Amino acid sequence: SVTALADASTELCSDAELVEATRLHEELSRRVEALTVLRYADNLRRGPTPMIESAGSVWAFYEQSLNVGRGELKRRREHADKLAPSLTPSGEPVAPLLPDTAQALRRGQISRTHVDVIVKTMRKIP
């Protein structure tokens, strides 16, 4: 979907088609963000792989090998902590702490900025 959208020219689109392409772009970028959170959580949870071990840590792997900045890594860690499912030490699945937020991001209904606001708000609630 992302490749098709990137390859499509909107120069000859009608206004309605351009609006639809823009809506689809926003939805896909949000859904990709949800995948980003899940992949980051997977890498944090998984035991050290040779690639990550050679970098020294998951953080260093993302920073050095994938050119992801520290601020973005901090955001991903916080989103992963709240939105990704996890496992107990015995391997039992645990639902995300903010399941409705995780689902809305996966559907492309909210952006990562929305997630930032929700997480910040939830921090303030006892």
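The values are calculated or read from the model by the stated rules, or taken from the named source; none is laboratory data. Worth saying up front: this structure is predicted, and the values here are computed from it rather than measured. When we count neighbours, we look across all protein chains shown, and the Cβ atoms used for this are built from the backbone with ideal geometry, even at glycine. Accessible surface is based on the protein model in full, side chains and every heavy atom, while ligands, DNA and RNA are left aside. Shrake-Rupley method; radii C 1.70, N 1.55, O 1.52, S 1.80 Å.
Among Asp42, Asp81, Asp15, the largest mean-square fluctuation in a Gaussian network model of the chain, built with springs joining Cα atoms closer than 10 Å, belongs to Asp15. Ranked by solvent-accessible area (1.4 Å probe, protein heavy atoms only, all chains present), the residues Met51, Met122 order from largest to smallest as Met51, Met122. For the chain, the dipole from Cβ point charges (+1 on Lys and Arg, -1 on Asp and Glu) about the Cα centre works out to 740 debye, to the nearest 20. Screening the chain for DSSP H helices whose Cα atoms reach 15 Å or more along their own axis and whose mean Kyte hydropathy is at least -0.5 gives 15-45, 112-124. Scaled to the globular estimate 2.2 N^0.38 Å, the Cα spread of the chain, given as radius of gyration, is 1.25. Projecting the Cα atoms of Leu35, Ala84, Ala21 onto the charge dipole of the chain, computed from C-beta unit charges around the Cα centre, puts Ala84 farthest toward the positive end.
Think of segment 35-123 as having a plus end and a minus end, set by charges on the Cβ of Lys, Arg, Asp and Glu; of Met122, Pro96, Pro50, Met122 sits farthest toward the positive end of this dipole. The GluC sites (Glu not before Pro) of segment 1-60 meeting both criteria, a DSSP state outside H, G, I, E and B (loop) and at most 15 other C-beta atoms within 10 angstrom of the site's C-beta, are Glu11.
Protein heavy-atom surface of the chain, 1.4 angstrom probe: 55% of the accessible area is carbon and sulfur, with nucleic acids and ligands not counted. Report summary: the helix-based calculation at 222 nm, which adds -39500 (n - 2.57) for every DSSP H run with n ≥ 4 and divides by the residues of the chain, gives -20000 deg cm²/dmol.
Taking all protein chains into account, the per residue accessible area for the chain stands at 68 Å² (1.4 Å probe).
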